[in-house]
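Only one structure is covered here, and it is reproduced in the block below.
Where a number appears in this text, it was derived from the coordinates with a stated rule and is not lab data. Fair warning: this is a prediction, and the values are worked out from it, not measured in the lab. Reconstructed Cβ throughout: ideal geometry from the backbone, glycine too, with neighbour counts over all protein chains shown.
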Amino acid sequence: MTKLIAGNWKMNGSLAANEALLSALAGGLPTALSSAPCDVAVCIPAPYFAQFQALAATMPALAAVALGAQDVSGQSAGAFTGEVSAAMLKDFACRYAIVGHSERRQYHGETDALVAAKAQQALAVGITPIVCVGETLAEREAGTTTEVVKRQLAAVIHANGHCISEIVLAYEPVWAIGTGKTASPEEAQAVHAVLRAQLAAATEHASRVKIIYGGSMNAANAAILLAQPDIDGGLIGGASLKVADFLSIVSAAAA
Ligand code: PGA
């Protein structure tokens, strides 16, 4: 299947820095995508959605880059100060919304049930949720990796029923995020296979659900990770802010 490389800028950027990054990305993408197709997205801070749209209107190569959000409310509208609804993301033509990133779970107390509600809100307006699951170092060392990721995914399956085939699933071991430590290709593949099997029990379309890997994926390790049978792309944090590195990852996925 076509791979997905999604940048997660996190809380980084400015009008000037975004313009420089996106124009360099637009300049390099035609070459990076020359051998095979690859879906590319950038999940950027919500205040810059309008800037992205305006730049895309003047840079034709950005048509190959889908816009994504880093979060979405679990509610549809109303008195929820500070929240951004799925319908608002849709107004800016967001294609994706990350939900349940470990930083949201860890620093903002997001529960499995809330993450499932966020996925539901996104799906209801036709936005693809990129549902993140992953174990902490303590959980891995305790041998509970499978149990943790299955519990996290089960909540999303339970709330979304047959729509589950419309999600993108991201396996992001928490200990690998921003640390420079990557899961080995074998470790990542083993968890992806567990998740694929869990999806297969819920939908006959499990084979077409993209399961992407995140956690210190970079220009040097992308090709080997992406060569694993159940790794269908990457969710890229730090390396998505360095255009040359991000383009190398896209090239590896489009090989
Ligand atoms: P990283 O972040 O690539 O910097 O490890 C990945 C993520 O948090 O999505």
Condition first: under 23 Å from HIS108 (Cα atoms) and over 18 Å from the mean Cα position of the chain (by Cα). Can you find one or more residues in the stretch 62-76 that meet it? yes
Condition first: among the aromatic types (Phe, Trp, Tyr) and in contact with a helix residue (DSSP H, G or I) (Cβ under 6 Å, 6 or more places away or on another chain). Now tell me which residues in the stretch 43-73 satisfy that. TYR48
Would you mind listing the helices (runs of 4 or more DSSP H) fully within the stretch 138-237 where at least 3 residues are over 20 Å from ASP112 (Cα atoms) and more than 16 Å from the ligand (Cβ to nearest atom)? 185-200
Tally the residues that are in a helix (DSSP H, G or I) and either within 16 Å of the ligand (Cβ to nearest atom) or not aliphatic (A, V, I, L, M) (or both), restricting the search to the stretch 86-102. 3
Looking only at residues in the stretch 1-19 that are outside any loop (DSSP other than H, G, I, E, B) and either of a type in the set (D, E, K, R) or in contact (Cβ under 8 Å) with a residue 60 or more places away in the chain (or both), which one is nearest to GLY178 (Cα to Cα)? ASN8
Out of all the residues in the stretch 71-80, is one or more of a type in the set (D, E, K, R), crowded, with 18+ Cβ neighbours inside 10 Å and touching a Cys at 6+ places or on another chain (Cβ under 6 Å)? no
Say we look at the stretch 103-117 and pick out the residues that are under 16 Å from the mean Cα position of the chain (by Cα) and within 16 Å of the ligand (Cβ to nearest atom); which of these is nearest to ALA183 (Cα to Cα)? GLU103
Selection from the stretch 33-53 of residues within 19 Å of GLY237 (Cβ to Cβ) and surrounded by 18 or more Cβ atoms within 10 Å (Cβ to Cβ) yields CYS38, ASP39, VAL40, ALA41, VAL42, CYS43, ILE44, TYR48, PHE52
What single numbered condition from (1) more than 14 Å from SER73 (Cα to Cα); (2) within 17 Å of the chain's Cα centre (by Cα) fails to hold for GLN121? (1)
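Results for (1) in contact with a Gly (Cβ under 8 Å, 6 or more places away or on another chain); (2) surrounded by fewer than 17 Cβ atoms within 10 Å (Cβ to Cβ), shown as yes or no for each residue.
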residue: HIS158; (1), (2): no, yes
residue: GLU172; (1), (2): yes, no
residue: SER184; (1), (2): no, yes
residue: SER207; (1), (2): no, yes
residue: GLY215; (1), (2): yes, no
residue: ASN221; (1), (2): no, no
residue: ASP230; (1), (2): no, no
residue: ALA244; (1), (2): yes, yes
For residues that are closer than 20 Å to ALA97 by Cβ and more than 16 Å from the ligand (Cβ to nearest atom), scanning just the stretch 4-24, find the one that is surrounded by the fewest Cβ atoms within 10 Å (Cβ to Cβ). ASN18
